[in-house]
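Structure, as structure tokens:
The values are calculated or read from the model by the stated rules, or taken from the named source; none is laboratory data. Predicted model, so just to flag it, every value in this text is computed and none were measured. So basically every Cβ, Gly included, is an ideal-geometry build from the backbone, and we count neighbours across all protein chains shown. Surface accessibility is based on the protein's heavy atoms, side chains included, excluding ligands, DNA and RNA. Shrake-Rupley method; radii C 1.70, N 1.55, O 1.52, S 1.80 Å.
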Amino acid sequence: MRRWLAPMPGIAALYLLNRATLGLDTGTALHTLRAWYFADVLAGALILCVANALLCWGNTHDPRIRPIRGVLSVSALALGVGAFWEFVTPLYLARSVSDPWDLLAYWLGSLLCLGLTEYWNHKKSG
């Protein structure tokens, strides 16, 4: 479970740093990417971390429960949660808007998180 809890403070720190420095580079393409999609990339990473931390916690009660590790499984999780956020949430939350490009950001964030955690664990064990 530590493997999936460990990235969460880093993700939160990146989010807070992005929010704190967002007004410094207005008018650039980087600002547009940071303002619109960087938080969504971080959300995709957080989706995977939270889901796998809960699954690892569940594994202590039932050994058949395993974390989500495959690219297809991670993609299905990120796109499923993202689709809910983008298409269902605006139906009941008035300030929410739908942006299909956010799905790509969630997906990329979850795959980036998967790749980094697999790399880190491989490097740590090898």
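Extension gain, residue 3 to residue 123, is 41.9 nm, computed as 0.36 nm per intervening residue step minus the present C-alpha separation. All other residues whose Cβ lies under 14 angstrom from that of residue 51 are scored, Lys and Arg at +1 and Asp and Glu at -1, for a net of +3. Computed from label points 7 Å out along Cα-Cβ, the spacing between residue 55 and residue 89 is 2.2 nm.
Per residue, the chain exposes an accessible area of 65 Å² to a 1.4 Å probe, with every protein chain left in place.
Comparing 74, 88, 50 in a Gaussian network model of the chain, where Cα atoms under 10 Å apart are tied by springs, the biggest mean-square fluctuation is seen for 88.
What's the magnitude of the charge dipole for the chain around its Cα centre, counting Lys and Arg as +1 and Asp and Glu as -1 at the beta-carbon? Answer in Debye, nearest 20.
Using Cβ point charges on Lys, Arg, Asp and Glu, the chain gives about 520 debye.
For the pair residue 73 and residue 25, a Förster radius of 41 Å applied to the C-beta separation gives a FRET efficiency near 0.65, rounded to the nearest 0.05.
Note on the chain: with a GNM built from Cα contacts shorter than 10 Å, the maximum mean-square fluctuation among 27, 115, 80 falls on 27.
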